[in-house]
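Here the structure comes first, spelled out in structure tokens, and everything after it is commentary.
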Amino acid sequence: MDLNSSPNQPITVVSTFASPFGGPPSVGDSNSSARKPIILWPGMYHSPVTNALWEARSQIFERLLDPPKDAPPQSELLTKTPSQSRTTILYNFSTDYILREQYRDPWNEVRIGKLLEDLDALAGTISVKHCSDDDSTTRLLLLVTASVDKIVLKKPISVDIDLKIVGAVIWVGRSSIEIQLEVFQSTEEGSNASSDDVALSANFIFVARDSKTAKAAPVNRLSPVTEQEKLLFEEAEARSNMRKRKRGEQDRREFENGEANRLKTLLAEGRIFCDMPALADRDSILLRDTRQENSLICQPQQRNIHGRIFGGFLLHRAFELAFSTAYAFAGSVPYFLEIDHVDFLRPVDVGDFLRLKSCVLYTELHNPDQPLINIEVVAHVSRPELRSSEVSNTFYFSFTVRPEAKAAKNGFRIRNVVPATEEEARRILERIDAETCI
């Protein structure tokens, strides 16, 4: 598929159990010397959607795999429209049984963790498409996920109904790009996608680095055309300015008298737990008692095309831990609502010892029909031989409890979470304030 032809032609996702592209080319195949089969390309985290995306964009990704030696950087920035990067992928769940089984969860819905992988892969493809200058003699930029601004689940996603994801670049800065993705699922067969069919929305921020110097690199400009594109650009510009202001405020922030009082109030019940546990509130629990953790060694099969661990894989693993944490805390199957924010602070490499630590940061109980469980997951890259550990990612998830679970348990109640230390209390207040500002 030519990168510049039919930009809005949907890319169909198919099962990875049987290759949709046939087996490896035979010796007599005229294309065998020019191109490897997708499944044999190194440095890819394989899933049905990554296979489909990389096959559809094979020309540009082959340049990433085998860049020209001493290639010069792009000499002139281009101006592109959002429609030039717009990409659509289709999941034919209604007809592809194997694909359906790959994405099914125990509640006959789409596995959110796998969908997060796909969203990151699609956002990465869109960013590469926007930054490409279509010149095979220049070196391509290194594009990495900087953060996830928001991922919101608006309605359950069935695994028995076809699914469509549409994404495009909606804003660019000097070296950063914001991509908006929308997941559509309609209950009416053959109907065109509408705002009522949006099941999930996501905004990813990518940053560009020169692949040779690793310094920030300018990206192609964006020229919104329609009124909707102009509105999305303005909203993304406002979010970018807010992020910059928050970073500046965080560097010089000090707790004033009002903040000190909030800390004191938040810590009061936690101190009862620590000093007089027999008298502690039975409807509360210490934050430290909600913790879960898992560890893994990052494997070559989990790396992306740049040789680093695929961001979607980290999202998937963090989501699974957050889900388990909410499940163990609530005592009922949780229902995912949104990813509030994700920071990608440092890359994760093959062979890294990754530790994911989670906790229920706080709960919101003012609406008994939809209590909110806010989960924090922090990923640490540990190097035992160097006695060092660094935070690579922070993830914030929001869950509630499924209505059928509440109905099945009379007197169902979510407990209040209280901090035992000032550091825990500060983390809670910082996250509550961040949510208030969004």
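Taken together, the values in this text are just the output of simple stated rules run on the coordinates, not laboratory data. These numbers were taken from a predicted model, which means no experiment stands behind them. So basically every Cβ, Gly included, is an ideal-geometry build from the backbone, and we count neighbours across all protein chains shown.
Okay, here's what the table says:
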| read-out | value |
| --- | --- |
| Two-site FRET efficiency, residue 404 against residue 432, from Cβ-Cβ distance with R₀ of 30 Å, rounded to 0.05 | 0.55 |
| Trypsin sites (Lys or Arg not before Pro) restricted to region 271-320 and DSSP loop, no more than 11 other C-beta within 10 Å | 282 |
| For region 320-327, 3J(HN,Hα) per residue [Karplus equation, 6.51 cos²θ - 1.76 cosθ + 1.60, θ = phi - 60°, Hz, x = Gly/Pro] | 4, 5, 4, 4, 5, 5, 5, 5 |
| Net lengthening on full extension, residue 350/residue 98 (0.36 nm per residue, minus Cα-Cα) | 87.7 nm |
| For region 97-111, Karplus couplings with θ = phi - 60° (6.51, -1.76, 1.60), whole Hz, Gly/Pro x | 5, 5, 4, 4, 5, 5, 10, 6, 9, x, 10, 6, 10, 6, 5 |
| Stokes-Einstein translational diffusion, region 258-437 - Kirkwood Rh over all Cα pairs, 0.692 mPa s, 37 °C, in µm²/s | 187 µm²/s |
| Residue-span extension gain [residue 271 to residue 134] - 0.36 nm each, minus C-alpha spacing | 43.1 nm |
| Phi-based couplings in Hz for region 272-289 (Karplus 6.51, -1.76, 1.60; Gly and Pro marked x) | 5, 4, 6, 9, 9, x, 5, 9, 5, 5, 6, 9, 10, 8, 5, 3, 5, 7 |
| For residue 162, distant residues with modelled amide H under 5 Å away | 93, 94 |
| Added length on full extension, which subtracts the Cα-Cα distance from 0.36 nm per residue, residue 413 to residue 160 | 87.8 nm |
